[in-house]
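Engineer: Submitted below is the structure of interest, expressed as structure tokens.
The values are calculated or read from the model by the stated rules, or taken from the named source; none is laboratory data. Keep in mind that this is a model prediction, so the values were computed, not measured. Because the Cβ atoms are built from the backbone with ideal geometry, glycine has one as well, and the counts that use them run over all protein chains shown. Heads up: the accessible areas ignore ligands, DNA and RNA and are worked out on the full protein's heavy atoms, side chains in. Shrake-Rupley method; radii C 1.70, N 1.55, O 1.52, S 1.80 Å.
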Amino acid sequence: MKLNYDPATDALYIHLTDDVAVDSDEVSDGVVLDYDAQGHLVGIDVQHARHCANIDRLVVEHVPAPGQDAA
């Protein structure tokens, strides 16, 4: 997973996979979900991110080690 924030546009993109998005769905004002060709969620685009989230701080609570299943 990768997070990209563009301060010039105040846009946050959350890459859930490296797969290419072929379809999108705006689920609320300024929040777009991107899907691959099989319909799997591959990314989340958040416009006006500073109004939606505290982007100045990122907290990772639990990340499984490589080869370890997520709980």
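Engineer: Look at Arg57 and say whether it is over 14 Å from the mean Cα position of the chain (by Cα) and in contact (Cβ under 8 Å) with a residue 24 or more places away in the chain.
Structural biologist: Details: over 14 Å from the mean Cα position of the chain (by Cα): yes; in contact (Cβ under 8 Å) with a residue 24 or more places away in the chain: no.
Taking the combined requirement at face value, the residue does not satisfy it.
Engineer: Got a sec? Which of Asp10, Asp45 is open to solvent by less than 100 Å² (accessible area, probe 1.4 Å), among the acidic types (Asp, Glu) and on the phi > 0 side of the Ramachandran plot?
Structural biologist: On the way: Asp45 fails: on the phi > 0 side of the Ramachandran plot.
Result of the check over Asp10, Asp45: Asp10.
Engineer: Follow-up. Go through (1) open to solvent by less than 80 Å² (accessible area, probe 1.4 Å); (2) modelled with pLDDT under 95 and name the single condition Lys2 misses.
Structural biologist: (1)
Engineer: For the range 13-36, what are the residues that are outside any strand (DSSP E or B) and open to solvent by 70 Å² or more (accessible area, probe 1.4 Å)? Lay out the reasoning, then the answer.
Structural biologist: Filtering the range 13-36 down to residues outside any strand (DSSP E or B) leaves 16-22, 29-30, 36.
Asp18, Asp19, Val20, Val22, Asp29 - these are the residues of the range 13-36 that are outside any strand (DSSP E or B) and open to solvent by 70 Å² or more (accessible area, probe 1.4 Å).
Engineer: What number of residues within the range 37-59 are farther than 25 Å from Ala8 by Cα and either among the basic types (Lys, Arg) or in a loop (DSSP other than H, G, I, E, B) (or both)? Show your work before the answer.
Structural biologist: Taking the range 37-59 first, the residues farther than 25 Å from Ala8 by Cα are 37-41.
Now restrict to residues that are either among the basic types (Lys, Arg) or in a loop (DSSP other than H, G, I, E, B) (or both): 37-40.
Looking only at that region, the number is 4.
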